[in-house]
1. Consider GLY156 carefully, then state whether it is surrounded by fewer than 20 Cβ atoms within 10 Å (Cβ to Cβ), modelled with pLDDT under 95, of a type in the set (Gly, Ala, Ser) and over 18 Å from ASN198 (Cα atoms).
2. For ALA145, all conditions in the list (1) at pLDDT 95 or above; (2) crowded, with 17+ Cβ neighbours inside 10 Å; (3) out of contact with any His (no Cβ under 8 Å at 6 or more places or on another chain); (4) within 17 Å of GLU114 (Cα to Cα) hold save one; what is the number of the exception?
3. Pairs needed: first member in the stretch 32-45, farther than 17 Å from LYS92 by Cβ; second member anywhere, outside any helix (DSSP H, G or I); C-beta distance under 9 Å; at least 6 residues apart or different chains.
4. Taking the stretch 123-176, which residues are among the hydrophobic types (A, V, I, L, M, F, W, C), within 30 Å of GLN191 (Cα to Cα) and touching a Phe, Trp or Tyr at 6+ places or on another chain (Cβ under 8 Å)?
5. What pairs come out if I take residues in the stretch 11-30 that are under 14 Å from VAL217 (Cα atoms) and touching a residue at least 24 places away in the same chain (Cβ under 8 Å) and pair them with residues that are among the small types (Gly, Ala, Ser) and surrounded by 13 or more Cβ atoms within 10 Å (Cβ to Cβ) whose C-beta lies under 6 Å away, six or more apart or interchain?
6. Please pick out the residue among VAL126, VAL116, VAL108 that is of a type in the set (Val, Ile, Thr) and not in a helix (DSSP H, G or I).
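The values are calculated or read from the model by the stated rules, or taken from the named source; none is laboratory data. Just so it is clear, the structure is predicted and the values come from calculations on it, not from any experiment. Note that we place each Cβ from the backbone using ideal geometry, even for glycine, and neighbour counts take in every protein chain shown.
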Amino acid sequence: MIENLPSYVSIAFILTTFLTVGFLFYAFRQTVFDTTAAKILFALVPLWLIFQAALASSGFYLLVDVFPPRLPLFAVIPALVLIILLFIFARKDFISRISLKTLTLLHVIRIPIEIVLLWLFQNGQVPQLMTFEGRNFDILSGLTAPIIYWLAFRNGKTNRPLLIAWNIFALLLLINIVTNAVLSIPAPFQQLAFEQPNRAVLYFPFVWLPSVVVPVVLFCHLASLNKLFSIDFKS
């Protein structure tokens, strides 16, 4: 863990990560608990959390001058590959059946994530541009998620255009912060925030941000848009 970092920052982030995974598993249990993909993910995600915690705790990601960079190779790319595989092999039986309501409401977890990022900035572990005081407006996704949930699903109907617009908007906000975060990591490809780089993600538990939380949020947007653009749309 990061030395001299107040314990409440790490605890808040750990709890938020567990909440994120809990939301995801709840979405699975509602409609797709019986699928092979869900059963694999129920087993794989806890193992992935432990694996990433072990790597980060050992200092594996602190070697930032090696090529290829360790964080993208061992934390980010495997998660993205898993998402791609799910869309290739489990789109119809798994992704298309996940509850759109839960996929939408899950994004409230972006509120505590942004608060943790602010605390990390105040303790010198991420640049200001990664917070809502800088270039990161992702907290808007979290704040609007319950409002969109209420507007889109009230009266027993689903407001498809509203959900499409909001998911695209929130996805663009996610891409914005991810891009700034990646370019702020102290590595050969760093382009931003040289005076206070994005060090936190190299340590436990914050390595779970790029390896678990962001992939879950990305998956939820892609799964939602997949459902919303499908011909036989069902909420």
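1. Spelling it out, GLY156 is indeed surrounded by fewer than 20 Cβ atoms within 10 Å (Cβ to Cβ), modelled with pLDDT under 95, of a type in the set (Gly, Ala, Ser) and over 18 Å from ASN198 (Cα atoms).
2. (3)
3. PHE42/PHE33
4. Hits for the stretch 123-176 are MET130, ILE139, LEU173.
5. ALA27/SER99
6. Going through VAL126, VAL116, VAL108 in turn, just one is of a type in the set (Val, Ile, Thr) and not in a helix (DSSP H, G or I): VAL126.
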